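The values are calculated or read from the model by the stated rules, or taken from the named source; none is laboratory data. Computed from a prediction, not measured in an experiment: that's the story for all the values here. Please note: Cβ atoms are built from the backbone with ideal geometry, for glycine as well, and neighbour counts cover all protein chains shown. For accessibility, only protein heavy atoms count, side chains too; no ligands or nucleic acids. Shrake-Rupley method; radii C 1.70, N 1.55, O 1.52, S 1.80 Å.
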Amino acid sequence: MSASTLTVRALSAGYHGFQVLQGLDLDVLPGITVVLGPNGAGKTTLLKALAGLLPRAGEAVLDGVALPPGEATACVRQGLALVAEGRQLFPQMTVTENLELGGWLTPARLRSERLARAFEDFPRLRERARQLAGTMSGGEQQMVAVARAMMSGPRLLMLDEPSLGLAPRMVDELLAIVRRIAAQGVTVLMVEQNVRKALQSADRGYVLERGRIVASGDAQTLLHSDVIRQAYLGVA
Ligand code: ATP
């Protein structure tokens with residue numbers, strides 16, 4: 001069995017004394033891991049806590065090195081990138097400018113190499129390099145957000161509901177991009193509401209309910225499990 005890229009133990013986090021995550025253990029292996037769960041389960045909180053954007057307790061180790069709690073920049077330097085829900089692009093800046101900002105911690109020469117690579121991986125963005133990000137379609141904006149995250153050269157890419165608001169064809173295109181990224185050796189941890197498509201693309205999954213993991217395992221097994229079929233796919 002391959003070693004985990006990310007090992008999480010007894011992770012707790014919340015807001016102003018309100019504890020959302022109740023001591024989570026996760027082993028995120030190379031490939032794609034999806035986190036599923038109802039609204040308010042704590043999925044976004046999990047990604048933010050790992051990315052150093054929220055205070056947390058417990059341990060998170062990326063490729064053998066502990067991630068510092070509450071230190072987002074240090075987490076990026078250590079190889080973690082987050083594509084937040086809602087993409088958070090700079091709408092008045094061009095595609096290229098948005099991508100360059102994703103490489104702000106990267107030395108200039110490496111940044112140019114990564115930019116060239118991003119345009120190879122996302123040909124649709126090359127055609128639109130000078131377009132203002134705010135004028136692009138939802139799917140194109142999500143691609144910019146993913147490409148921008150890749151500019152930091154992550155070993156772990158975290159995506160918060162990347163398919164939100166996208167047409168089915170765009171969802172498929174985006175998931176194909178995510179699979180390609182994983183095939184290049186970048187481990188992916190993805191929160192998704194699109195349960196069926198997410199599990200079809202992923203290798204493994206966790207189901208989070210009220211801040212606790214209630215099921216986990218191989219994606220195909222989860223897809224056919226009673227807990228997923230009844231609660232998430234509406235199949236009796
Ligand atoms: P969704 O699918 O709706 O995005 P989620 O599983 O990502 O849900 P979280 O966004 O992590 O859930 O929210 C978990 C809990 O934390 C919810 O009860 C939510 O109301 C609460 N919460 C989220 N953000 C804040 C905040 N900034 N301040 C206070 N409470 C918050």
Among the listed residues 11, 115, 46, which satisfies the condition of being within 16 Å of the ligand (Cβ to nearest atom) and part of a helix (DSSP H, G or I)?
46
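From 92, 19, grab the single residue that is among the polar types (S, T, N, Q), assigned to a strand (DSSP E or B) and open to solvent by 60 Å² or more (accessible area, probe 1.4 Å). Spell out the reasoning first.
Details: 92 fails: assigned to a strand (DSSP E or B).
Residue meeting the stated conditions: 19.
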Going by the conditions given, is residue 59 open to solvent by 10 Å² or more (accessible area, probe 1.4 Å) and touching a Ser or Thr at 6+ places or on another chain (Cβ under 9 Å)?
yes
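One residue is enough: does region 74-81 have a residue meeting the conditions in a loop (DSSP other than H, G, I, E, B) and at pLDDT 95 or above? Step through it out loud before you land on a result.
Kept after step one, since they are in a loop (DSSP other than H, G, I, E, B), are these residues of region 74-81: 78-79.
Those still in the list that are at pLDDT 95 or above too: 78-79.
The answer is yes; a qualifying residue exists.
State which residue is surrounded by the fewest Cβ atoms within 10 Å (Cβ to Cβ) when the search covers only region 154-165 and only residues that are under 17 Å from residue 98 (Cβ atoms) and modelled with pLDDT of 95 or more.
154
Select from region 95-110 the residues that are surrounded by 13 or more Cβ atoms within 10 Å (Cβ to Cβ) and small (Gly, Ala, Ser) and write down the one among them that is nearest to residue 39 (Cα to Cα).
Within region 95-110, the first condition is being surrounded by 13 or more Cβ atoms within 10 Å (Cβ to Cβ), and the residues that meet it are 95-103, 106.
Retained after the next criterion (residues that are small (Gly, Ala, Ser)): 102-103.
Working: 102: 29, 103: 32 Å.
Once the filter is applied, the top-ranked residue is 102.
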Is there a residue in region 17-35 that is near the ligand (Cβ under 9 Å from one of its atoms) and modelled with pLDDT under 95?
yes
What single numbered condition from (1) open to solvent by 60 Å² or more (accessible area, probe 1.4 Å); (2) over 14 Å from the mean Cα position of the chain (by Cα) fails to hold for residue 195?
(1)
Evaluation of residue 38 against (1) under 28 Å from residue 234 (Cα atoms); (2) open to solvent by 10 Å² or more (accessible area, probe 1.4 Å); (3) more than 10 Å from the ligand (Cβ to nearest atom) (one fails), failing number:
(3)
Return the pairs, sorted by first residue and then second, in which the second residue is assigned to a helix (DSSP H, G or I) and of a type in the set (S, T, N, Q), the first residue lies in region 175-192 and is free of Cβ contacts under 8 Å to residues at least 60 places away in the same chain and buried (at least 16 other Cβ atoms within 10 Å of the Cβ), the beta carbons are less than 8 Å apart, and the residues are 6+ apart or on different chains.
175/201
